[in-house]
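> The structure follows.
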Amino acid sequence: MNHMFTAMKKGRLVAGLVAVGAVVALAGCASSDPLGTTSTSGSSEAAAGGPIVIGSQAYYSNEIIAEIYAQALEANGIEVTRQFNIGQRDAYLPALESGEVQLFPEYTGNLLQYYDPETTAKTSDDVYAALADALPEGLEVLDQSPATDQDSYNVTKEFSEANGVTSLDDLAAVTTPITLGGNSELQTRPYGPEGLLSTYGVTVGFTAIEDSGGPLTIQALKDNTVQMVNIYSADPNIKTSGLVTLEDPKGLFLASNVVPLINTDAATPEVTEVINKVSAALTAADLVDLNSQSVNDQESAEDIASGWLEKVALF
Amino acid sequence: MKWLESNLDLVWELMVDHVALCVPPILLGFVISIPIGWLANRYRPSRGVILVVLGLLYTIPSIPLFVFMPIVLGTPLLSPVNVVVALTIYAVALMVRTAADGLASVDRDVLQAASAMGYSSWQRFWRVELPLSGPVLLSGLRVVSASTVSLATLGVIIGVQSLGYLFTNGFQRNIPIEVVTGIVATLLIAVVFDLLLVLLGRVLLPWSRGDGRQDARRARRRTATLVAEGIS
Amino acid sequence: MNLILGGIAWILDPANQTGPNGWFARLAEQLGYTFGAVAIAAVIAIPLGYLVGHTGKGRDLAVSISGGLRALPSLGVLILFGFALGIGFKAPLLTLVVLAIPPLLAGAYSGFEAIDRRTVDAARAVGMTELQVVGKVEVPLGLPLLIGGVRSSILQVVATATLAGYIGGGALGTYIFQGAATRDYEQMLGASILVTALALVLEGIFALLQKLVVPRGVVAKEPQEVRTRSSRPRAAMGSPIREGK
């Protein structure tokens with residue numbers, strides 16, 4: 001190589017330019033990529049009547065709903081920008097308030113507890129009503145969907161039978177120590193270990209596993225590293241893994257329906273109408289089914305969303 | 001495998017995002033490190049302090065650094081700029097010592113010869129010092145490139161798209177092939193970057209390829225020393 | 001500045017110090033991961049590196065392995081091991097072992113390679129067996145670079161051990177992930193300060209160690225060509241770039 005290059009100085013120069021060009025082109029093509037679809041779009045652009053920025057949690061099920069919103073809006077000629085996969089509530093709500101993100105699939109109970117940890121609302125309708133009051137200036141919710149996806153505490157069938165536990169109320173009688181597994185933020189949530197103690201008088205340890213009730217959480221439960229785990233109620237794993245969801249007679253968890261959270265600036269009549277139609281059509285069984293397509297059939301969020309929209313034929 | 005078939009587009013998009021995220025820090029890290037490395041050599045007493053302090057930046061855990069960027073910079077929370085700046089900091093931390101060593105490795109006699117030929121120190125730097133330290137700088141840049149490509153995956157934890165998405169998403173959905181795809185795609189980008197850098201080196205620094213066996217042996221030994229210096 | 005003070009206040013708060021979730025325990029876990037992973041990696045990488053360095057065979061392979069492993073994204077590897085091994089300390093430990101290997105391997109073989117060939121030839125000439133050459137000449141003379149490799153790998157592992165928290169493996173990362181999820185900046189910063197301080201302390205210890213174990217006669221200085229005096233570079237010792245994550 002070297003001899004060739006030293007022999008042909010011009011060739012070397014040209015090759016050098018090509019190599020530099022390749023690097024620059026790589027950088028250039030990369031930065032001219034519609035990064036807007038995933039990142040750089042700021043609030044100013046959106047507020048000025050640009051595409052509506054839809055966000056989602058870093059949770060596959062939430063991303064499917066966000067994708068449904070996006071495709072439904074697109075089907076109605078409204079431009080959207082997808083900014084999915086934004087951490088947990090504490091990370092994305094500030095972005096919604098600032099307008100960096102404008103529309104977001106949310107869950108009524110968890111959202112209410114975020115803004116009003118002392119809330120006494122329990123039923124679906126009460127929670128929805130309370131939520132409208134609790135939201136900060138600039139944010140509003142559209143109609144809530146009948147589909148629910150709420151935190152729930154689950155144990156293995158063996159644990160349930162061995163200890164006679166089917167409800168959170170039964171836990172206080174269990175003599176062996178209980179460790180709760182879930183995402184790290186659960187530890188500070190009102191329905192976390194502290195809530196269990198104050199509402200049901202149960203003391204539990206805590207182990208953080210950051211997969212949102214995914215495979216490691218369930219594996220840890222099965223091999224008894226933890227004895228109880230937080231899994232969202234629409235998670236198909238509850239059924240496939242034969243887990244027992246403990247009843248919650250004292251209402252530690254609030255009812256939590258899927259609800260679109262929107263920045264007021266973006267809540268035009270057209271957007272509101274489209275998204276409300278979607279919410280009305282999405283049932284609890286649908287949601288479990290959508291999740292199962294993702295987890296068990298390994299479908300992409302895009303395909304799952306378009307499949308569902310086709311099925312319900314709203315537009 | 002089902003997952004891979006239906007997600008090739010996603011993988012490609014993420015690779016493009018990933019490249020976009022990695023290229024600026026690699027280039028910026030290189031450009032920033034050289035004057036710092038030069039300064040470190042120029043004023044001997046400052047050398048140890050500068051190199052140690054900047055080197056320690058590399059031990060700041062990455063997730064907090066990503067999270068604190070918007071607070072420090074005033075950028076939007078979800079802006080990729082946060083990750084780019086953080087990765088640049090790591091790139092500088094890795095590159096500065098190599099830059100200093102590379103510049104210091106230039107034979108003093110050569111520098112004196114250049115001065116004797118009437119080069120100003122500015123000319124001497126651009127025409128003699130920088131090109132002659134090229135091989136060492138290149139080896140450092142290759143390390144920075146590999147490390148940056150790997151670190152950029154963590155951007156996903158603060159919501160900036162990169163191949164790391166395949167890790168967190170595959171984790172939740174229990175799809176090992178998705179995680180494996182993410183790892184392979186990351187390595188692929190790293191290899192392509194590395195090849196481009198090597199090519200660039202061959203073209204711009206033709207003298208760094210030894211002509212005789214003696215030189216080759218010496219060059220090899222020098223890289224050996226560098227490698228063990230931590231630039232492995 | 002307020003943030004940093006907040007982080008320090010978090011560290012100083014006795015409520016955050018003791019108990020199974022206190023930082024005393026988490027720091028110990030972090031150290032456990034660090035030394036555990038580096039020890040396991042050393043058992044694998046150092047003999048291998050010595051073999052490569054002594055025989056000169058497989059050098060290119062060793063170089064590509066240590067280079068390639070560097071680009072391996074730790075989070076992905078951690079999750080894969082997690083799938084196989086479940087939560088707990090095993091998956092993070094294995095991930096960190098993989099991470100610790102490249103600098104150790106490089107330190108071991110380049111330590112041998114940096115030795116003046118004439119020294120090795122001289123050792124053979126006075127009648128040393130190959131084993132004696134390795135044990136009495138190459139290992140001691142290669143020590144400075146090996147220690148440099150150990151130092152690199154420890155610093156890299158100590159920072160990356162924070163990832164263990166992602167799959168319930170404890171250590172200081174537990175605070176960082178929780179802090180990130182709940183925007184608890186003080187906790188996050190406190191834990192980050194602890195990690196960086198730990199790295200600083202380890203760095204100091206190793207800088208000292210590196211000075212102490214260098215055999216008499218080995219020149220401890222910045223590596224440079226000493227062409228004016230000798231046509232061959234001497235074994236040189238330098239301080240490694242700190243690598244983390």
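> Identify all residues within the stretch C:75-92 that are at pLDDT below 90 and more than 14 Å from chain B (Cβ to nearest Cβ); write none if there are none.
First, pick out the residues of the stretch C:75-92 that are at pLDDT below 90: C:86-88.
Within the stretch C:75-92, C:Gly88 is the sole residue that qualifies.
> Of the residues in the stretch B:171-182, how many are within 28 Å of the chain's Cα centre (by Cα) and touching a residue at least 12 places away in the same chain (Cβ under 8 Å)?
At the first step, the residues of the stretch B:171-182 found to be within 28 Å of the chain's Cα centre (by Cα) are B:178-182.
Checking the rest, the ones that are also touching a residue at least 12 places away in the same chain (Cβ under 8 Å) come to B:178-179, B:181-182.
Of the residues in that region, 4 qualify.
> Residues that are surrounded by fewer than 16 Cβ atoms within 10 Å (Cβ to Cβ) and hydrophobic (A, V, I, L, M, F, W, C): does the stretch A:265-273 have at least one? Reasoning before the result, please.
To start, the set of residues in the stretch A:265-273 that are surrounded by fewer than 16 Cβ atoms within 10 Å (Cβ to Cβ) comprises A:265, A:268-270, A:273.
This time we only want the ones that are hydrophobic (A, V, I, L, M, F, W, C), so: none.
For the stretch A:265-273, residues surrounded by fewer than 16 Cβ atoms within 10 Å (Cβ to Cβ) and hydrophobic (A, V, I, L, M, F, W, C): absent.
> Within the stretch B:182-203, track down each residue that is in contact with a helix residue (DSSP H, G or I) (Cβ under 7 Å, 6 or more places away or on another chain), more than 8 Å from chain C (Cβ to nearest Cβ), under 16 Å from B:Leu138 (Cβ atoms) and open to solvent by less than 40 Å² (accessible area, probe 1.4 Å).
Passing the criteria: B:Phe193, B:Leu196, B:Leu197, B:Leu200, B:Gly201, B:Val203.
> Can you give me the number of residues within the stretch B:124-169 that are under 20 Å from A:Gly214 (Cα atoms), open to solvent by less than 10 Å² (accessible area, probe 1.4 Å), in contact (Cβ under 8 Å) with a residue 40 or more places away in the chain and more than 8 Å from chain A (Cβ to nearest Cβ)?
2
> For the subset of the stretch B:204-232 comprising residues that are open to solvent by less than 70 Å² (accessible area, probe 1.4 Å) and not in a helix (DSSP H, G or I), which member is modelled with the lowest pLDDT?
That would be B:Ser232.
For every residue, the table says whether it meets (1) closer than 26 Å to A:Lys122 by Cα; (2) assigned to a loop (DSSP other than H, G, I, E, B); (3) among the basic types (Lys, Arg).
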| position | (1), (2), (3) |
| --- | --- |
| A:Asn154 | yes, no, no |
| A:Leu180 | yes, no, no |
| A:Gln187 | yes, no, no |
| A:Ser212 | yes, yes, no |
| A:Leu221 | no, no, no |
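> Give the residue, chosen from A:Ser32, A:Ser39, that is modelled with pLDDT under 85 and more than 22 Å from the chain's Cα centre (by Cα). Show your work before the answer.
Values: A:Ser39 fails: more than 22 Å from the chain's Cα centre (by Cα).
Just one listed residue meets the conditions, A:Ser32.
> Right, another one. Can you pull out the helices (runs of 4 or more DSSP H) entirely within the stretch B:62-159 that have at least 2 residues that are in contact with a Leu (Cβ under 9 Å, 6 or more places away or on another chain) and β-branched (Val, Ile, Thr)?
Correct list: B:62-73, B:80-104, B:134-151.
> Out of the residues in the stretch C:152-170 that are within 11 Å of the chain's Cα centre (by Cα) and more than 8 Å from chain B (Cβ to nearest Cβ), state the one that is farthest from A:Thr179 (Cα to Cα).
We begin by selecting, within the stretch C:152-170, every residue within 11 Å of the chain's Cα centre (by Cα); these are C:152-160.
Cutting the leftovers down to more than 8 Å from chain B (Cβ to nearest Cβ) gives us C:153-154, C:156-157, C:160.
On the way: C:Ser153: 34, C:Ile154: 32, C:Gln156: 32, C:Val157: 29, C:Thr160: 26 Å.
The qualifying residue farthest from A:Thr179 (Cα to Cα) is C:Ser153.
> Have a look at B:Ser33, B:Ser46 and point out the one that is among the hydroxyl-bearing types (Ser, Thr, Tyr), in a helix (DSSP H, G or I) and without any contact (Cβ under 8 Å) to a residue 12 or more places away in the chain. First the steps, then the outcome.
Values: B:Ser33 fails: without any contact (Cβ under 8 Å) to a residue 12 or more places away in the chain.
After ruling out the rest, the residue left standing is B:Ser46.
> Return yes or no: is C:Ala37 over 17 Å from the mean Cα position of the chain (by Cα), touching a residue at least 60 places away in the same chain (Cβ under 8 Å) and surrounded by 20 or more Cβ atoms within 10 Å (Cβ to Cβ)?
Details: over 17 Å from the mean Cα position of the chain (by Cα): no; touching a residue at least 60 places away in the same chain (Cβ under 8 Å): yes; surrounded by 20 or more Cβ atoms within 10 Å (Cβ to Cβ): yes.
No, not satisfied.
> What residue, of A:Gly195, A:Gly251, is outside any helix (DSSP H, G or I) and surrounded by fewer than 21 Cβ atoms within 10 Å (Cβ to Cβ)?
On the way: A:Gly195 fails: outside any helix (DSSP H, G or I).
The conditions single out A:Gly251.
Residues checked against (1) open to solvent by less than 20 Å² (accessible area, probe 1.4 Å); (2) modelled with pLDDT of 70 or more:
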| site | (1), (2) |
| --- | --- |
| C:Val134 | no, yes |
| C:Gly142 | yes, yes |
| C:Arg151 | yes, yes |
| C:Ala159 | yes, yes |
| C:Gln210 | yes, yes |
| C:Ser230 | no, no |
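> Any residue in the stretch A:205-219 that is more than 27 Å from A:Ile64 (Cα to Cα) and over 21 Å from the mean Cα position of the chain (by Cα)? Show your work before the answer.
First, the residues of the stretch A:205-219 that are more than 27 Å from A:Ile64 (Cα to Cα): A:205-207.
Filter once more, keeping what is over 21 Å from the mean Cα position of the chain (by Cα): A:205-206.
Yes - at least one qualifying residue is present in the stretch A:205-219.
> For the stretch C:106-120, give me each residue that is charged (D, E, K, R) and either in a helix (DSSP H, G or I) or modelled with pLDDT of 90 or more (or both). Before the answer, list the steps.
Of all residues in the stretch C:106-120, those charged (D, E, K, R) come to C:113, C:116-118.
Residues satisfying the conditions are C:Glu113, C:Arg117, C:Arg118.
> If you go through the stretch B:69-87, how many residues are under 22 Å from the mean Cα position of the chain (by Cα) and open to solvent by less than 60 Å² (accessible area, probe 1.4 Å)?
Count: 9.
> Of (1) more than 14 Å from chain B (Cβ to nearest Cβ); (2) open to solvent by 10 Å² or more (accessible area, probe 1.4 Å); (3) not aliphatic (A, V, I, L, M), A:Ser98 satisfies all except one. Which?
(1)
> When the stretch B:6-45 is examined, which residues are found to be of a type in the set (D, E, K, R), open to solvent by 50 Å² or more (accessible area, probe 1.4 Å) and within 9 Å of chain A (Cβ to nearest Cβ)?
Quick first cut of the stretch B:6-45, residues of a type in the set (D, E, K, R) only: B:9, B:13, B:17, B:42, B:44.
Filter again for open to solvent by 50 Å² or more (accessible area, probe 1.4 Å), leaving B:9, B:13, B:42, B:44.
B:Asp9, B:Glu13 - these are the residues of the stretch B:6-45 that are of a type in the set (D, E, K, R), open to solvent by 50 Å² or more (accessible area, probe 1.4 Å) and within 9 Å of chain A (Cβ to nearest Cβ).
> Taking the conditions exactly as written (open to solvent by 30 Å² or more (accessible area, probe 1.4 Å) and either more than 7 Å from every other protein chain (Cβ to nearest Cβ) or over 17 Å from C:Leu141 (Cα atoms) (or both)), does C:Thr95 satisfy them or not?
Criteria not met by C:Thr95.
> Could you list, in sequence order, the residues of the stretch A:166-191 that are within 11 Å of another protein chain (Cβ to nearest Cβ) and either without any contact (Cβ under 8 Å) to a residue 24 or more places away in the chain or open to solvent by 30 Å² or more (accessible area, probe 1.4 Å) (or both)? Full working, then the answer.
Step one: list which residues in the stretch A:166-191 are within 11 Å of another protein chain (Cβ to nearest Cβ), which gives A:179, A:181-189.
Within the stretch A:166-191, A:Thr179, A:Gln187, A:Thr188, A:Arg189 meet the criteria.
> Another question about this same structure. Which one of A:Ser256, A:Ser306, A:Ser241, A:Ser279 is open to solvent by less than 40 Å² (accessible area, probe 1.4 Å) and either within 14 Å of chain B (Cβ to nearest Cβ) or aromatic (Phe, Trp, Tyr) (or both)?
Values: A:Ser256 fails: either within 14 Å of chain B (Cβ to nearest Cβ) or aromatic (Phe, Trp, Tyr) (or both); A:Ser306 fails: open to solvent by less than 40 Å² (accessible area, probe 1.4 Å); A:Ser279 fails: either within 14 Å of chain B (Cβ to nearest Cβ) or aromatic (Phe, Trp, Tyr) (or both).
Exactly one residue qualifies, and that residue is A:Ser241.
> Show the residue pairs that are 6+ apart or on different chains and have beta-carbon atoms under 8 Å apart, the first residue being within the stretch C:63-74 and farther than 15 Å from B:Ile189 by Cα and facing another protein chain (nearest Cβ under 7 Å), the second being open to solvent by less than 30 Å² (accessible area, probe 1.4 Å) and modelled with pLDDT under 80.
C:Ser66/B:Val227; C:Ser66/B:Ser232
> Go through (1) under 29 Å from C:Tyr185 (Cβ atoms); (2) hydrophobic (A, V, I, L, M, F, W, C); (3) in contact with a helix residue (DSSP H, G or I) (Cβ under 7 Å, 6 or more places away or on another chain) and name the single condition B:Met15 misses.
(1)
> How many residues are farther than 30 Å from A:Trp308 by Cβ and modelled with pLDDT of 95 or more when one looks only at the stretch A:135-156? Outline the logic, then answer.
To start, the set of residues in the stretch A:135-156 that are farther than 30 Å from A:Trp308 by Cβ comprises A:136-138, A:155-156.
Adding the requirement that they be modelled with pLDDT of 95 or more leaves A:155-156.
Total satisfying the criteria: 2.
> Any residue in the stretch A:291-315 that is part of a loop (DSSP other than H, G, I, E, B) sitting within a Cβ distance under 7 Å of a residue that is of a type in the set (Phe, Trp, Tyr) and modelled with pLDDT under 90? List the pairs, counting only those 6 or more apart or interchain.
Hits for this filter: A:Gln298/B:Trp3.
> Among C:Gly82, C:Gly68, C:Gly32, which is buried (at least 18 other Cβ atoms within 10 Å of the Cβ) and among the small types (Gly, Ala, Ser)?
Numbers: C:Gly68 fails: buried (at least 18 other Cβ atoms within 10 Å of the Cβ); C:Gly32 fails: buried (at least 18 other Cβ atoms within 10 Å of the Cβ).
None of the others qualify; the one that does is C:Gly82.
The values are calculated or read from the model by the stated rules, or taken from the named source; none is laboratory data. None of the values given here were measured: they were computed from a predicted structure. Note that we place each Cβ from the backbone using ideal geometry, even for glycine, and neighbour counts take in every protein chain shown. Note: areas computed on protein heavy atoms with side chains; ligands, DNA, RNA excluded. Shrake-Rupley method; radii C 1.70, N 1.55, O 1.52, S 1.80 Å.
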